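J.: Below is a structure I'd like to ask you about.
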Amino acid sequence: MNAPLKITKIGNSAGVILPKELLAQLRVGPGDMLYVTQAPDGIRLTAADPDFGAKMDLAEQIMREDRDILRVLAK
């Protein structure tokens, strides 16, 4: 999808209005969070938290290391 986005003034800030087709592709709506990350070819806009994968890797490591403690706590 190639669509120009106009920057508009919103109070003391600036914003863009995303077309409904783009919102549908991102599977987001009003109140949802979007994440902007740097990419080699510019910026990337995504609905997925880029830090989530790292947090899940850490959680899995902790669960593996403390399996016995977690089993006792689950009782």
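J.: For residues that are aromatic (Phe, Trp, Tyr) and either more than 19 Å from Ile17 (Cα to Cα) or surrounded by fewer than 11 Cβ atoms within 10 Å (Cβ to Cβ) (or both), tally how many sit in the stretch 33-53.
T.: 1
J.: With the condition kept exactly as written, say whether any residue in the stretch 16-31 is of a type in the set (Gly, Ala, Ser), within 14 Å of the chain's Cα centre (by Cα), at negative phi and surrounded by 11 or more Cβ atoms within 10 Å (Cβ to Cβ).
T.: Within the stretch 16-31 (the criterion being of a type in the set (Gly, Ala, Ser), within 14 Å of the chain's Cα centre (by Cα), at negative phi and surrounded by 11 or more Cβ atoms within 10 Å (Cβ to Cβ)), the answer is no, since none of the residues qualifies.
J.: Could I ask something else about it? Would you point out the residue of the stretch 14-60, among those that are of a type in the set (D, E, K, R), touching a residue at least 12 places away in the same chain (Cβ under 8 Å) and assigned to a loop (DSSP other than H, G, I, E, B), that is nearest to Ala3 (Cα to Cα)?
T.: My answer is Arg27.
J.: Would you confirm, using the coordinates I've provided, whether Ala59 is of a type in the set (A, V, I, L, M, F, W, C), modelled with pLDDT under 90 and in contact with a Lys or Arg (Cβ under 8 Å, 6 or more places away or on another chain)?
T.: It is false that Ala59 is of a type in the set (A, V, I, L, M, F, W, C), modelled with pLDDT under 90 and in contact with a Lys or Arg (Cβ under 8 Å, 6 or more places away or on another chain).
The values are calculated or read from the model by the stated rules, or taken from the named source; none is laboratory data. The structure displayed is predicted, hence computed values, not measured ones. When we count neighbours, we look across all protein chains shown, and the Cβ atoms used for this are built from the backbone with ideal geometry, even at glycine.
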